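A.B. asks: If you scroll down you'll find the structure; I have some questions about it.
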Amino acid sequence: MICNGGCYCGNIRYEINLTSPDEARTSICHCKNCKKFTGSEFSIATKLPWKAFRITKGSPTKHASDNGSGTKLYREFCESCGSGIFEYSENAGDNTYVFYGTLDEPEQLPPKGEFFCKSKAGWMLEVPGLFHKQEIKQ
Ligand SMILES: [Zn+2]
Ligand SMILES: [Zn+2]
């Protein structure tokens, strides 16, 4: 299964090559760090094996920060239009997390759960049918 994606301006393009859709897990995160980076109420990212992910055009800019609990978190984005492309922590091991909205056809990989619901805005409803966790990202 091949999923293509890229940033808003088109300077960065990538390809995801999955043996099966089960290799990927999309989740919503309401943590404060994700709100700041995305400029939104939550982020949606798709966890997948590094080996399945390949940049095919351009070269994203990398930003490193503390995720709020002492773990270093890297986010890579397009320096031209600012779209977040993917993120990973130093503990993510063999996985990376691609920002869902950059997929050309995101509905191929719908969300399975929500994290950091304790930081969810009061007006934001839980998505029915998904698992819901108060914290923990993994
Ligand atoms: Zn761009
Ligand atoms: Zn988060």
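The values are calculated or read from the model by the stated rules, or taken from the named source; none is laboratory data. Note that the structure is predicted; figures quoted are calculated from it, not measured. Glycine also receives a Cβ, built like all others from the backbone with ideal geometry; neighbour counts cover every protein chain displayed.
A.B. asks: How about the range 16-39: which of its residues are charged (D, E, K, R) and not in a helix (DSSP H, G or I)?
C.D. replies: 25, the sole residue that qualifies.
A.B. asks: Checking the condition of a type outside the set (S, T, N, Q), closer than 22 Å to residue 127 by Cβ, at pLDDT 95 or above and within 16 Å of ligand 1 (Cβ to nearest atom), which residue from 84, 10 passes?
C.D. replies: That would be 84, the only listed residue that is of a type outside the set (S, T, N, Q), closer than 22 Å to residue 127 by Cβ, at pLDDT 95 or above and within 16 Å of ligand 1 (Cβ to nearest atom).
A.B. asks: For the range 24-49, what are the residues that are in contact (Cβ under 8 Å) with a residue 12 or more places away in the chain and surrounded by fewer than 16 Cβ atoms within 10 Å (Cβ to Cβ)?
C.D. replies: 32, 41
A.B. asks: Still on this structure, please answer the following. Mind listing just one residue for me: the one in the range 25-40 that is closer than 17 Å to residue 126 by Cα and β-branched (Val, Ile, Thr) and, of those, nearest to ligand 1 (Cβ to nearest atom)?
C.D. replies: 26
A.B. asks: Mind listing whichever residues of the range 54-68 are of a type in the set (Val, Ile, Thr) and either within 12 Å of ligand 2 (Cβ to nearest atom) or surrounded by 12 or more Cβ atoms within 10 Å (Cβ to Cβ) (or both)?
C.D. replies: If the condition is that a residue be of a type in the set (Val, Ile, Thr) and either within 12 Å of ligand 2 (Cβ to nearest atom) or surrounded by 12 or more Cβ atoms within 10 Å (Cβ to Cβ) (or both), then 55, 61 are the ones that fit.
A.B. asks: If you scan the range 1-15, which residues turn out to be in contact (Cβ under 8 Å) with a residue 60 or more places away in the chain and either within 15 Å of the chain's Cα centre (by Cα) or not in a loop (DSSP other than H, G, I, E, B) (or both)?
C.D. replies: Those that are in contact (Cβ under 8 Å) with a residue 60 or more places away in the chain and either within 15 Å of the chain's Cα centre (by Cα) or not in a loop (DSSP other than H, G, I, E, B) (or both): 3, 4, 5, 6, 7, 14.
A.B. asks: I'd like to know if the range 40-53 contains one or more residues that are outside any strand (DSSP E or B), in contact with a helix residue (DSSP H, G or I) (Cβ under 8 Å, 6 or more places away or on another chain) and more than 16 Å from ligand 2 (Cβ to nearest atom).
C.D. replies: Among the residues of the range 40-53, at least one is outside any strand (DSSP E or B), in contact with a helix residue (DSSP H, G or I) (Cβ under 8 Å, 6 or more places away or on another chain) and more than 16 Å from ligand 2 (Cβ to nearest atom), which makes the answer yes.
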